[in-house]
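The values are calculated or read from the model by the stated rules, or taken from the named source; none is laboratory data. The structure presented is a predicted model; accordingly, all values stated were derived computationally and were not measured. No Cβ is skipped: glycine too gets one built from the backbone with ideal geometry, and neighbour counts run over all protein chains shown.
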Amino acid sequence: MELDPKASQQSPDFPDCFYRVTVKGLIVRDGKLLMAHDFAGSAAKAKGGEWELPGGGLDFGEEPRTALAREIREEMGLEVTSTSDKPIYLWTCKREMRRGMQWHYILGVAYEIEVDSLNFIPSEECQAIKFFTKEELLALRAENKLGDQMCPFVDMFNPEDFK
């Protein structure tokens with residue numbers, strides 16, 4: 001069902017203007033984007049894991065770049081050494097039947113980052129890491145192997161933005 005973006009939508013869980021903000025890190029090498037294989041959450045487990053950008057949810061009152069460094073440290077055991085001053089990409093995504101809610105929206109905010117190394121510590125939210133071309137990301141989406149919040153991002157990602 002396609003929603004009219006101007007139509008009022010009511011959620012039993014949140015006011016109309018609520019978005020859950022997720023901050024994501026963009027590490028691009030030779031035109032390829034680093035993704036983490038995530039097994040957290042029932043949807044990911046049901047699919048045998050999903051490929052996601054590193055990062056996670058912004059806590060209430062937290063500065064986005066601080067949150068990104070925290071999430072990468074918690075999920076991957078890596079230290080962020082630099083973060084772009086401004087986000088590179090922003091996108092939205094409607095999520096249904098997640099976090100015990102009928103539905104809610106995600107606002108994705110992605111920063112270009114560097115990390116101290118790629119020697120990550122496996123966790124439920126990062127079992128593997130791999131660099132993907134834009135074409136490979138499109139194929140993962142077609143095969144339903146991307147996290148749902150990554151689907152709108154794939155259309156935006158342009159390796160030329162990182163030269």
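I'm trying to understand the selection: among the residues of segment 48-91, which are of a type in the set (D, E, K, R), under 15 Å from Leu26 (Cβ atoms) and without any contact (Cβ under 8 Å) to a residue 40 or more places away in the chain? Asp85, Lys86 - these are the residues of segment 48-91 that are of a type in the set (D, E, K, R), under 15 Å from Leu26 (Cβ atoms) and without any contact (Cβ under 8 Å) to a residue 40 or more places away in the chain. Each residue in segment 66-82 was checked for being on the phi < 0 side of the Ramachandran plot and surrounded by fewer than 19 Cβ atoms within 10 Å (Cβ to Cβ), and 7 of them qualify. A Cβ distance below 8 Å, combined with a sequence gap of six or more or placement on separate chains, defines the contacts here; from segment 128-153, residues that are closer than 11 Å to Glu50 by Cα reach residues that are of a type in the set (S, T, N, Q) in the pairs Gln149/Thr22. Per this entry, Ile113 is counted among residues that are assigned to a strand (DSSP E or B), β-branched (Val, Ile, Thr) and at pLDDT 90 or above. Residues of segment 33-50 include at least one that is assigned to a loop (DSSP other than H, G, I, E, B), at pLDDT below 95, surrounded by 14 or more Cβ atoms within 10 Å (Cβ to Cβ) and in contact with a His (Cβ under 6 Å, 6 or more places away or on another chain). Mind checking whether some residue in segment 138-145 is charged (D, E, K, R), at pLDDT below 90 and under 15 Å from the mean Cα position of the chain (by Cα)? Looking through segment 138-145, none of the residues is charged (D, E, K, R), at pLDDT below 90 and under 15 Å from the mean Cα position of the chain (by Cα).
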